[in-house]
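S.K.: A single structure is presented below for examination.
The values are calculated or read from the model by the stated rules, or taken from the named source; none is laboratory data. These numbers come from a predicted model, not from an experiment. Cβ coordinates were reconstructed from backbone atoms using ideal geometry, including for glycine residues, and neighbour counts include every protein chain displayed.
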């Protein structure tokens, strides 16, 4: 759960507000990121807010399971969901206000239930113990520095 080096991601424009992101994984080689916010249900893939929610619940779920695995314990199953709330700025721009996360571990094992209590105990920061190993959630809470450059490349014309 630790990155040894920087990670780069790349997208290319597919059409309109739909982008392709390419990966070097065996199960998924590309994903379409659809920023059209098409209300007809015809979106080609998740939008950026959905991907952020997925990143948050994936990271928190992995950290939660990692906490259990430290004691060689495992779950029967786990579900997680993120409810992403939005608001509009004074200028009318949409922003993410809050992400409410539910993690639903499934087990009847008393040892696992005891460890779940340990992993979810609240620390002085107000966060739960298992959240410490999640790379995404604390980064968002603390604020991520984002540096933007526009590099103008002219389209090849024939």
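Okay, residues lined up against (1) surrounded by 10 or more Cβ atoms within 10 Å (Cβ to Cβ); (2) modelled with pLDDT of 95 or more:
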residue: 88; (1), (2): yes, yes
residue: 91; (1), (2): no, yes
residue: 109; (1), (2): yes, yes
residue: 113; (1), (2): yes, yes
residue: 123; (1), (2): yes, no
residue: 130; (1), (2): yes, no
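S.K.: Then there is this: Going by the conditions given, is residue 74 farther than 30 Å from residue 37 by Cα and not assigned by TED's automatic domain parsing to the domain that holds residue 13?
M.R.: When the stated conditions are applied, residue 74 passes them.
S.K.: Consider residue 27 against the criteria (1) surrounded by 15 or more Cβ atoms within 10 Å (Cβ to Cβ); (2) out of contact with any strand residue (DSSP E or B) (no Cβ under 9 Å at 6 or more places or on another chain); (3) outside the structural domain of residue 138 (by TED's automatic domain parsing): it satisfies all of them except one. Which criterion is unmet?
M.R.: (1)
S.K.: To continue, here is another question. Quick one: is residue 99 modelled with pLDDT of 95 or more and either in contact with a strand residue (DSSP E or B) (Cβ under 6 Å, 6 or more places away or on another chain) or assigned to a loop (DSSP other than H, G, I, E, B) (or both)?
M.R.: When the stated conditions are applied, residue 99 passes them.
S.K.: Turning to a different aspect of this structure: With respect to residue 48, is the statement that it is at pLDDT 85 or above, more than 28 Å from residue 153 (Cα to Cα) and surrounded by 12 or more Cβ atoms within 10 Å (Cβ to Cβ) true?
M.R.: Answer is no for this residue.
S.K.: Would you pick out the residues in segment 68-84 that are part of a strand (DSSP E or B) and exposed (fewer than 11 other Cβ atoms within 10 Å of the Cβ)?
M.R.: Those that are part of a strand (DSSP E or B) and exposed (fewer than 11 other Cβ atoms within 10 Å of the Cβ): 77, 83.
S.K.: Looking at 61, 125, which is the one that is outside the structural domain of residue 17 (by TED's automatic domain parsing), more than 25 Å from residue 16 (Cα to Cα) and free of Cβ contacts under 8 Å to residues at least 24 places away in the same chain?
M.R.: 125
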